[in-house]
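Engineer: Dropping a structure here in C-alpha coordinates format, bear with me for questions.
The values are calculated or read from the model by the stated rules, or taken from the named source; none is laboratory data. Predicted model, so just to flag it, every value in this text is computed and none were measured. All Cβ positions, even for glycine, are placed from backbone atoms using ideal geometry, and neighbour counts span all protein chains on display. With ligands, DNA and RNA removed, areas are computed over all heavy atoms of the protein, side chains included. Shrake-Rupley method; radii C 1.70, N 1.55, O 1.52, S 1.80 Å.
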Amino acid sequence: MDTGLDVLATGEMTLLGRIMPASNHTYLCRLGPEEGGVQGVYKPVSGEKPLWDFDEGTLAGREYAAWLVSEALGWSVVPPTLLRDGLSGPGMVQLWCEPDPDQAPVDILPQGPLQPGQLHVLDAFDNHERPVMLVHENTAALRRMALFDLVVNNTDRKGGHVLAMPDGHRYGVDHGVCFHVDDKLRTVLWGWAGEALNLDEVAGLVGLAAELDGPLDDELAALLTVPERRATRGRLQTLLREGRFPQPGEGWPSLPWPAF
(Lines give C-alpha, C1' and ligand atoms only; values in the text may rest on other atoms or scores of the structure.)
Protein backbone atom coordinates (compact mmCIF):
# COMPACT_ATOMS: atom_id res chain seq x y z
CA MET A 1 0.00 0.00 0.00
CA ASP A 2 1.45 3.40 -0.94
CA THR A 3 1.82 6.20 1.60
CA GLY A 4 -1.33 8.07 0.56
CA LEU A 5 -3.51 4.97 0.76
CA ASP A 6 -1.88 3.98 4.04
CA VAL A 7 -2.92 7.30 5.60
CA LEU A 8 -6.45 6.85 4.24
CA ALA A 9 -6.61 3.34 5.67
CA THR A 10 -5.02 3.80 9.09
CA GLY A 11 -4.81 7.52 9.88
CA GLU A 12 -6.79 8.70 12.88
CA MET A 13 -10.02 10.29 11.66
CA THR A 14 -11.06 13.79 12.73
CA LEU A 15 -14.36 15.13 11.41
CA LEU A 16 -14.10 18.68 10.07
CA GLY A 17 -17.70 19.20 9.03
CA ARG A 18 -20.63 17.84 7.09
CA ILE A 19 -20.73 18.38 3.33
CA MET A 20 -24.05 19.84 2.20
CA PRO A 21 -26.19 19.29 0.26
CA ALA A 22 -25.89 15.53 -0.07
CA SER A 23 -28.49 12.77 -0.18
CA ASN A 24 -26.51 10.64 2.27
CA HIS A 25 -24.41 11.60 5.28
CA THR A 26 -21.14 12.93 3.86
CA TYR A 27 -18.35 14.38 5.96
CA LEU A 28 -15.10 16.22 5.34
CA CYS A 29 -12.47 14.71 7.59
CA ARG A 30 -8.77 14.73 8.31
CA LEU A 31 -6.92 11.45 8.34
CA GLY A 32 -3.68 11.37 10.28
CA PRO A 33 -2.00 14.24 12.13
CA GLU A 34 -2.73 17.90 11.42
CA GLU A 35 0.77 18.16 9.98
CA GLY A 36 1.39 15.39 7.45
CA GLY A 37 -2.15 14.04 7.28
CA VAL A 38 -4.62 14.28 4.39
CA GLN A 39 -8.19 15.46 3.99
CA GLY A 40 -10.82 13.00 2.89
CA VAL A 41 -14.52 12.43 2.32
CA TYR A 42 -16.17 9.97 4.70
CA LYS A 43 -19.54 8.38 3.88
CA PRO A 44 -20.66 5.96 6.61
CA VAL A 45 -22.95 3.09 5.69
CA SER A 46 -25.15 4.11 8.64
CA GLY A 47 -25.90 7.40 6.87
CA GLU A 48 -27.08 5.87 3.58
CA LYS A 49 -30.73 6.49 2.75
CA PRO A 50 -32.57 3.45 1.36
CA LEU A 51 -33.18 3.45 -2.41
CA TRP A 52 -35.87 1.52 -4.26
CA ASP A 53 -33.46 0.12 -6.88
CA PHE A 54 -30.25 -0.55 -4.91
CA ASP A 55 -29.82 -2.95 -2.00
CA GLU A 56 -29.67 -1.23 1.36
CA GLY A 57 -26.22 -0.62 2.80
CA THR A 58 -24.31 -1.21 -0.46
CA LEU A 59 -23.47 2.33 -1.62
CA ALA A 60 -20.09 2.59 0.13
CA GLY A 61 -19.05 -0.73 -1.38
CA ARG A 62 -20.07 0.48 -4.83
CA GLU A 63 -17.89 3.57 -4.39
CA TYR A 64 -14.93 1.33 -3.59
CA ALA A 65 -15.76 -0.98 -6.50
CA ALA A 66 -15.76 2.05 -8.83
CA TRP A 67 -12.25 2.96 -7.67
CA LEU A 68 -11.06 -0.62 -8.26
CA VAL A 69 -12.37 -0.48 -11.84
CA SER A 70 -10.79 2.93 -12.34
CA GLU A 71 -7.43 1.60 -11.17
CA ALA A 72 -7.70 -1.47 -13.40
CA LEU A 73 -8.31 0.82 -16.37
CA GLY A 74 -5.21 2.81 -15.45
CA TRP A 75 -7.03 6.09 -16.03
CA SER A 76 -7.35 7.37 -12.41
CA VAL A 77 -10.90 8.51 -13.00
CA VAL A 78 -11.76 8.05 -9.30
CA PRO A 79 -9.68 9.54 -6.44
CA PRO A 80 -8.06 7.01 -4.08
CA THR A 81 -10.91 5.30 -2.21
CA LEU A 82 -11.04 2.70 0.57
CA LEU A 83 -13.45 1.04 2.95
CA ARG A 84 -12.68 1.43 6.65
CA ASP A 85 -14.17 2.07 10.05
CA GLY A 86 -14.84 5.68 10.98
CA LEU A 87 -16.41 7.71 13.72
CA SER A 88 -19.92 6.66 12.60
CA GLY A 89 -19.01 3.07 11.79
CA PRO A 90 -17.77 1.42 8.60
CA GLY A 91 -17.97 3.37 5.37
CA MET A 92 -16.18 4.77 2.36
CA VAL A 93 -13.22 7.13 2.68
CA GLN A 94 -11.95 8.99 -0.37
CA LEU A 95 -9.05 11.38 -0.78
CA TRP A 96 -10.23 14.99 -0.94
CA CYS A 97 -9.24 16.57 -4.28
CA GLU A 98 -9.60 20.36 -4.44
CA PRO A 99 -10.82 21.42 -7.90
CA ASP A 100 -9.74 24.53 -9.77
CA PRO A 101 -12.66 27.00 -9.46
CA ASP A 102 -11.63 28.73 -12.69
CA GLN A 103 -12.18 25.63 -14.84
CA ALA A 104 -15.62 24.37 -15.90
CA PRO A 105 -15.46 21.00 -17.67
CA VAL A 106 -19.28 20.94 -17.74
CA ASP A 107 -21.28 24.15 -17.99
CA ILE A 108 -24.66 25.69 -18.69
CA LEU A 109 -24.33 28.73 -20.96
CA PRO A 110 -26.62 31.10 -22.88
CA GLN A 111 -27.47 29.58 -26.24
CA GLY A 112 -25.04 30.65 -28.92
CA PRO A 113 -22.02 29.53 -30.91
CA LEU A 114 -19.83 26.89 -29.28
CA GLN A 115 -16.37 27.95 -28.23
CA PRO A 116 -13.34 25.94 -29.43
CA GLY A 117 -13.01 22.76 -27.39
CA GLN A 118 -16.68 22.64 -26.38
CA LEU A 119 -19.22 19.94 -27.23
CA HIS A 120 -22.97 20.49 -27.22
CA VAL A 121 -25.25 18.19 -25.21
CA LEU A 122 -28.69 19.83 -25.31
CA ASP A 123 -30.69 23.06 -25.43
CA ALA A 124 -33.10 24.03 -22.66
CA PHE A 125 -34.57 26.96 -20.75
CA ASP A 126 -33.44 28.20 -17.35
CA ASN A 127 -35.65 29.17 -14.40
CA HIS A 128 -36.34 32.53 -16.06
CA GLU A 129 -37.32 30.94 -19.41
CA ARG A 130 -34.09 32.10 -21.04
CA PRO A 131 -32.61 29.73 -23.67
CA VAL A 132 -29.48 27.96 -22.45
CA MET A 133 -27.33 25.05 -23.56
CA LEU A 134 -25.56 22.28 -21.68
CA VAL A 135 -21.99 21.84 -22.90
CA HIS A 136 -18.84 20.06 -21.83
CA GLU A 137 -15.20 20.17 -22.82
CA ASN A 138 -13.74 17.93 -25.50
CA THR A 139 -10.73 16.46 -23.67
CA ALA A 140 -9.16 13.02 -23.40
CA ALA A 141 -9.61 13.03 -19.61
CA LEU A 142 -13.36 13.63 -19.85
CA ARG A 143 -13.75 11.07 -22.67
CA ARG A 144 -12.17 8.46 -20.41
CA MET A 145 -14.60 9.39 -17.65
CA ALA A 146 -17.53 8.96 -20.05
CA LEU A 147 -16.26 5.49 -21.00
CA PHE A 148 -15.76 4.59 -17.35
CA ASP A 149 -19.37 5.61 -16.66
CA LEU A 150 -20.57 3.35 -19.46
CA VAL A 151 -18.78 0.36 -17.95
CA VAL A 152 -19.90 0.91 -14.36
CA ASN A 153 -23.43 1.97 -15.40
CA ASN A 154 -23.28 5.27 -13.55
CA THR A 155 -26.79 6.54 -12.93
CA ASP A 156 -25.76 9.96 -11.60
CA ARG A 157 -22.96 11.72 -13.53
CA LYS A 158 -23.90 15.30 -12.77
CA GLY A 159 -21.73 18.24 -13.78
CA GLY A 160 -20.89 18.80 -10.13
CA HIS A 161 -19.49 15.27 -9.91
CA VAL A 162 -16.64 16.22 -12.28
CA LEU A 163 -13.65 17.75 -10.48
CA ALA A 164 -11.31 19.87 -12.60
CA MET A 165 -7.76 19.54 -11.32
CA PRO A 166 -5.38 22.45 -11.97
CA ASP A 167 -3.10 20.22 -14.09
CA GLY A 168 -5.91 19.30 -16.49
CA HIS A 169 -6.78 15.95 -14.94
CA ARG A 170 -10.46 15.26 -14.26
CA TYR A 171 -11.69 13.24 -11.31
CA GLY A 172 -15.17 11.80 -11.02
CA VAL A 173 -16.83 11.42 -7.62
CA ASP A 174 -20.08 10.06 -6.13
CA HIS A 175 -20.30 6.53 -7.51
CA GLY A 176 -22.63 4.98 -4.95
CA VAL A 177 -25.35 4.34 -7.55
CA CYS A 178 -23.34 2.33 -10.07
CA PHE A 179 -23.22 -1.33 -11.20
CA HIS A 180 -26.96 -1.97 -11.41
CA VAL A 181 -27.88 -4.99 -13.52
CA ASP A 182 -30.35 -2.91 -15.58
CA ASP A 183 -29.17 -0.20 -17.98
CA LYS A 184 -29.52 2.98 -15.92
CA LEU A 185 -26.85 5.28 -17.37
CA ARG A 186 -27.63 8.92 -16.65
CA THR A 187 -24.89 11.37 -17.53
CA VAL A 188 -24.21 14.89 -18.78
CA LEU A 189 -21.31 13.57 -20.89
CA TRP A 190 -23.13 12.84 -24.16
CA GLY A 191 -21.00 15.03 -26.44
CA TRP A 192 -19.24 12.05 -28.06
CA ALA A 193 -22.39 10.01 -28.79
CA GLY A 194 -21.80 7.90 -31.89
CA GLU A 195 -18.06 8.63 -32.13
CA ALA A 196 -15.58 5.78 -32.63
CA LEU A 197 -13.25 4.80 -29.81
CA ASN A 198 -9.57 5.56 -30.34
CA LEU A 199 -6.77 3.02 -30.01
CA ASP A 200 -5.72 4.12 -26.51
CA GLU A 201 -9.30 3.83 -25.26
CA VAL A 202 -9.70 0.37 -26.76
CA ALA A 203 -6.41 -0.74 -25.19
CA GLY A 204 -7.57 0.42 -21.76
CA LEU A 205 -10.89 -1.37 -22.10
CA VAL A 206 -9.25 -4.59 -23.33
CA GLY A 207 -6.95 -4.50 -20.31
CA LEU A 208 -9.93 -4.05 -18.02
CA ALA A 209 -11.67 -7.03 -19.62
CA ALA A 210 -8.67 -9.19 -18.78
CA GLU A 211 -8.74 -7.96 -15.17
CA LEU A 212 -12.47 -8.65 -14.88
CA ASP A 213 -11.83 -12.22 -15.94
CA GLY A 214 -9.13 -12.56 -13.29
CA PRO A 215 -8.03 -10.90 -10.03
CA LEU A 216 -10.36 -7.90 -10.22
CA ASP A 217 -13.41 -10.16 -10.21
CA ASP A 218 -12.17 -11.71 -6.95
CA GLU A 219 -12.01 -8.25 -5.34
CA LEU A 220 -15.41 -7.23 -6.68
CA ALA A 221 -16.99 -10.45 -5.42
CA ALA A 222 -17.09 -9.01 -1.90
CA LEU A 223 -18.78 -5.82 -3.12
CA LEU A 224 -21.15 -6.72 -5.96
CA THR A 225 -23.51 -9.59 -6.69
CA VAL A 226 -22.80 -12.22 -9.34
CA PRO A 227 -25.45 -10.71 -11.70
CA GLU A 228 -23.96 -7.23 -11.21
CA ARG A 229 -20.46 -8.43 -12.06
CA ARG A 230 -21.79 -10.37 -15.05
CA ALA A 231 -23.65 -7.26 -16.27
CA THR A 232 -20.47 -5.18 -15.93
CA ARG A 233 -18.56 -7.60 -18.14
CA GLY A 234 -21.45 -7.60 -20.61
CA ARG A 235 -21.49 -3.80 -20.90
CA LEU A 236 -17.75 -3.78 -21.47
CA GLN A 237 -17.93 -6.45 -24.17
CA THR A 238 -20.74 -4.56 -25.92
CA LEU A 239 -18.68 -1.38 -25.87
CA LEU A 240 -15.67 -3.17 -27.35
CA ARG A 241 -17.76 -4.98 -29.96
CA GLU A 242 -19.48 -1.82 -31.18
CA GLY A 243 -16.30 0.25 -30.94
CA ARG A 244 -18.03 3.56 -30.39
CA PHE A 245 -19.84 5.70 -27.84
CA PRO A 246 -23.53 4.79 -27.70
CA GLN A 247 -26.45 7.10 -28.36
CA PRO A 248 -28.86 7.95 -25.52
CA GLY A 249 -31.33 5.11 -25.13
CA GLU A 250 -35.08 5.01 -24.69
CA GLY A 251 -37.11 3.91 -21.70
CA TRP A 252 -34.87 5.51 -19.05
CA PRO A 253 -33.90 9.18 -18.59
CA SER A 254 -30.48 9.68 -20.15
CA LEU A 255 -29.69 12.83 -18.14
CA PRO A 256 -29.53 13.20 -14.33
CA TRP A 257 -31.76 15.81 -12.76
CA PRO A 258 -30.72 18.32 -11.73
CA ALA A 259 -27.77 18.39 -14.13
CA PHE A 260 -25.56 19.91 -11.41
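Engineer: Taking the solvent-accessible surface of protein heavy atoms with a 1.4 Å probe, what is the per residue accessible area of the range 151-204 in Å²?
Structural biologist: Numbers: 1850 Å² over 54 residues.
Accessible area per residue, the range 151-204: 34 Å².
Engineer: What distance in nm lies between label points placed 7 Å from Cα along the C-beta direction at TRP257 and HIS120?
Structural biologist: Placing both labels 7 Å beyond Cα along the Cβ direction yields 2.3 nm.
Engineer: Okay, moving on. Over the heavy atoms of ILE108, what accessible area does a 1.4 Å probe trace out, to the nearest 10 Å²?
Structural biologist: The accessible area comes out at roughly 80 Å².
Engineer: On to the next question. Please work out how much length the chain gains when fully extended from VAL202 to LEU5, using 0.36 nm per residue of separation minus the C-alpha to C-alpha distance, in nm with one decimal.
Structural biologist: Working: separation 197, 0.36 × 197 = 70.92 nm, distance 2.86 nm.
Gain on extension, VAL202 to LEU5, equals 68.1 nm.
Engineer: Also, I was wondering about something else. Restricting everything to alpha-carbon atoms, can you work out Rg to Rh for the chain with a Kirkwood hydrodynamic radius? Walk me through the intermediate numbers first.
Structural biologist: Numbers: Rg = 18.3 Å, Rh = 19.1 Å.
Expressed as Rg/Rh, it is 0.96.
Engineer: I would also like to ask the following. Taking the Cα centre of the chain as the origin and placing charges on Cβ (Lys, Arg +1; Asp, Glu -1), which of LEU8, LEU59, SER88 is farthest toward the positive end of the dipole?
Structural biologist: It is LEU59.
Engineer: So, one more: Pop out the ³J(HN,Hα) list for the range 188-197 in order, Karplus 6.51 cos²θ - 1.76 cosθ + 1.60 with θ = phi - 60°, rounded to Hz; leave Gly and Pro as x.
Structural biologist: Once θ is set to phi - 60°, the couplings for the range 188-197 become 8, 9, 9, x, 9, 3, x, 7, 6, 6 Hz.
Engineer: Also, I was wondering about something else. Please compute the Cα-Cα pair-distance distribution of the range 61-103 with 10 Å bins starting at 0, giving whole percents from short to long.
Structural biologist: Taking every Cα pair in the range 61-103, the percentages come to 27, 43, 25, 5.
Engineer: While we're looking at this one, here's another question. Where is the GNM fluctuation largest for the chain (alpha-carbon springs, 10 angstrom cutoff): GLU12, GLU98, GLU129?
Structural biologist: Of GLU12, GLU98, GLU129, the Gaussian network model singles out GLU129 as fluctuating most.
Engineer: In whole percent, how big is the carbon plus sulfur part of the accessible area of the range 1-150, probe 1.4 Å, protein atoms only? Each step should come with its number before you reach the end.
Structural biologist: Numbers: 4080 of 7720 Å².
Result for the range 1-150: 53 percent of the exposed heavy-atom area is carbon or sulfur.
Engineer: Just reorder TRP192, TRP252, TRP75 by solvent-accessible area, largest first, 1.4 Å probe, all chains present. It would help to have the intermediate numbers written out before the result.
Structural biologist: On the way: TRP192 0, TRP252 75, TRP75 35 Å².
So, going from the largest accessible area down, we get TRP252, TRP75, TRP192.
Engineer: Given a 1.4 angstrom probe, what's the average accessible area per residue across the range 1-67, in square angstrom? If you can, show how the numbers build up before the last one.
Structural biologist: Working: 3650 Å² over 67 residues.
Result: 54 Å² of accessible area for each residue.
Engineer: Mean residue ellipticity at 222 nm from the helices of the chain, using -39,500 (n - 2.57) per DSSP H segment of n ≥ 4 over the full residue count, to the nearest 500 deg cm²/dmol? Walk me through the intermediate numbers first.
Structural biologist: Values: 6 runs with 73 residues, N = 260.
It comes out at -8500 deg cm²/dmol, rounded to the nearest 500.
Engineer: For the range 37-120, run through the GluC sites (Glu not before Pro) and keep only the ones in DSSP coil with at most 16 other Cβ atoms within 10 Å of their Cβ. Write out the running numbers ahead of the final one.
Structural biologist: Values: sites: GLU48, GLU56, GLU63, GLU71; in loops: GLU48, GLU56.
Here the sparse-neighbourhood loop sites are GLU56.
Engineer: If the chain between ILE108 and THR238 were fully stretched, how many nm would it gain, using 0.36 nm times the residue separation less the Cα-Cα distance? Intermediate values should be presented prior to the final figure.
Structural biologist: Working: separation 130, 0.36 × 130 = 46.80 nm, distance 3.14 nm.
So the extension gain works out to 43.7 nm.
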